[in-house]
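**Student:** Dropping the structure in here first, questions after.
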């Protein structure tokens, strides 16, 4: 396949995704602990402990270490005068092309965790689809939004 | 400004509509309240009346609402707008400029027929699944009047624009040009019904009947006296299945007749008008400029005989059967080789039959490989729990491999200057035809395994009513995937031209 788009998302995204992964793992661990106590109390099969502690372990390996790393390495984007190109994916690499003329609006969103790390998500909507570029530095995200909406306005219809 | 009311029959129609919604609660109440007690001396008589009293009150309430809805609903024409006003406590007003109206859709139910009325749904380009304004029942003349007012308003608007440019106003008399593109006769209807996806209906029918009959099938005997049951049991089973088939087939023929009776597609002033229906006449308008793409669907029953269904993806709301998806059935049943001819004057920009590039032979495993991921555990479970007969489920692997191969044979794409054609199969073979200026986004997908075999899939999304509708060229050469992306890109193409 052809060359990937030029820009990578902020390195800090990796940290944020690891935070998300940690939260998920913590919740799983908590549930696992409760289940383990119940297993002891009601004399369920001790083999169940493999599940109660195995799942948080898998979650730690995959959603804290492996997936964020892969995902961050894959993520690429490029905003050109006539189109936006985005590449992402974990197992399946997806390459998306969105012509500027089709862009209807651009949103910037920022949750509490993203805000702490001074990051923001951009989502680009066409009449039929929505595409997200996650975890850009807030200032860059705002600039990009400005730029896309400007380009989208001047892009000419090719009917 | 004279304000019009809907025809009084709309009160009745409103009432029946309300009743339809209450039907299920009614049935539940009647069943749970212990049925009907006739003897007044029965101690259960008076208590059993209470639920019915509620029903009575509810009924009167629904009727009252129906009448109020009709009494408070007004519509009129003012300032090149269609205005409506309704509501008892909260007055609601809605003004729709005539120029924004995309289509007027007519429907005729049984009540409408009796009084020569129509229901009119007025649709605008807005992103809503429901009609902007819905007039429950008005006379034919009134409907024509709305259409006339709309035309005049649009003409006036054009005149104003011409005026501003300081040019002479040319009063252009629009000649109503109308020609029939497609019509279906009774023979087509029967063919349509018998080859439609009614397989599901048939199966459901068989299961329903079977579940009723199964109580009478002597299973124990079947196990005990296999030899004698082979003759009796199979005869019984076969006749039940045959009867089920015939009944469901008849029902599906009947339903098709009711829904598609007198099906006709007419082209008029840049719009396609579809009329159909026996008990309830429906008239749907599709502005040609709103059509985003064409889908030709050939199901396995029709493909061998050269028949297909043609759907259009439209940016305005869909017909009643699928409001959100907004695929409109343009030709429910048509000979594959007649499509190009019939569409040639309405949608000349679409080339129906183009030579296509297929998916490469080495991509075949990708069409079934993923299915095996969930099929293999099922087979393992079946083999384990139903040993030894469960082992037969291994044949499922063969079935899925054959299906995958079949899907591979259909997977293909074609591009020319501005048109993209994608062919794919799940069970039915679907050919999707779209123009570059209608594609909202394009996505190429490649898994690690696909990368190793140098293949990739490319999907496009077009606008369709409320949301989007996608189509994917599955597992084609990577190099072709790149070609598709470059075809869709504007900048690189410009570079080549310079």
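**Student:** As an exercise, use a Förster radius of 30 Å and the Cβ-Cβ distance of residue B:58 and residue B:92 to find the FRET efficiency, rounded to the nearest 0.05.
**Tutor:** 0.75
**Student:** Next up: So what is the calculated 222 nm ellipticity per residue for chain A, using -39500 (n - 2.57) for each DSSP H run with n of 4 or more, over all residues, to the nearest 500 deg cm²/dmol?
**Tutor:** -14500 deg cm²/dmol
**Student:** Over the alpha-carbon set of the protein assembly as shown, work out the extent along each principal axis and list the three values in angstrom, largest first.
**Tutor:** In descending order, the Cα extents are 89, 72, 56 Å.
**Student:** Another question about this same structure. Determine, from the Cβ-Cβ distance of residue B:67 and residue B:148 and an R0 of 30 Å, the FRET efficiency 1/(1 + (r/R0)^6), rounded to the nearest 0.05.
**Tutor:** The calculated FRET efficiency here is 0.50.
**Student:** Let me ask something else about it. What does the structure give for B:432-443 when I average, per residue, the other chain Cβ atoms found within 10 Å of the residue Cβ?
**Tutor:** Mean number of neighbouring Cβ atoms from other chains: 5.
**Student:** Another question, if that's okay. For peptide B:470-482, what's the mean number of Cβ atoms from other chains within 10 Å of each residue's Cβ?
**Tutor:** 1
**Student:** Quick one: which of A:31-39, B:478-486, B:434-442 comes out on top by average Cβ neighbours within 10 Å, and what's the full order, highest first?
**Tutor:** For the peptides A:31-39, B:478-486, B:434-442, the packing ranking is B:434-442, B:478-486, A:31-39.
**Student:** Could you tell me the ratio Rg/Rh of region A:12-72? Both radii from Cα atoms, Rh via Kirkwood.
**Tutor:** Taking Rg over the Kirkwood Rh, I get 1.14.
**Student:** For an R0 of 22 angstrom, estimate the FRET efficiency from the Cβ-Cβ distance between residue A:33 and residue A:66 and round to the nearest 0.05.
**Tutor:** 0.40
**Student:** What order do you get for B:73-82, B:276-285, B:369-378 when each peptide is scored by the mean count of other beta carbon atoms within 10 Å, highest first?
**Tutor:** By packing density, highest mean first, the sequence is B:276-285, B:73-82, B:369-378.
**Student:** Within 10 Å of each Cβ in B:448-458, how many Cβ atoms from other chains are there, averaged over the peptide?
**Tutor:** 2
**Student:** Relative to the longest principal axis of the C-alpha atoms of chain A, give the angle of the C-alpha long axis of helix A:138-154, reported between 0 and 90° and rounded to the nearest 10°.
**Tutor:** That helix lies at roughly 40 degrees to the long axis.
**Student:** Right, here's the next one. Based on the Cα atoms of chain A, what semi-axes does the equivalent ellipsoid have, where each is the square root of 5 times one gyration tensor eigenvalue, given in whole Å with the largest first?
**Tutor:** Equivalent ellipsoid of chain A: 41, 16, 14 Å, largest first.
**Student:** Still on this model: Ordered by packing density, taken as the mean number of other Cβ atoms within 10 Å over each peptide's residues, highest first, how do B:340-351, A:124-135, B:409-420 rank?
**Tutor:** A:124-135, B:409-420, B:340-351
Readers should treat all values here as calculations from the given coordinates under stated rules, not as data from a laboratory. Worth saying up front: this structure is predicted, and the values here are computed from it rather than measured. Reconstructed Cβ throughout: ideal geometry from the backbone, glycine too, with neighbour counts over all protein chains shown.
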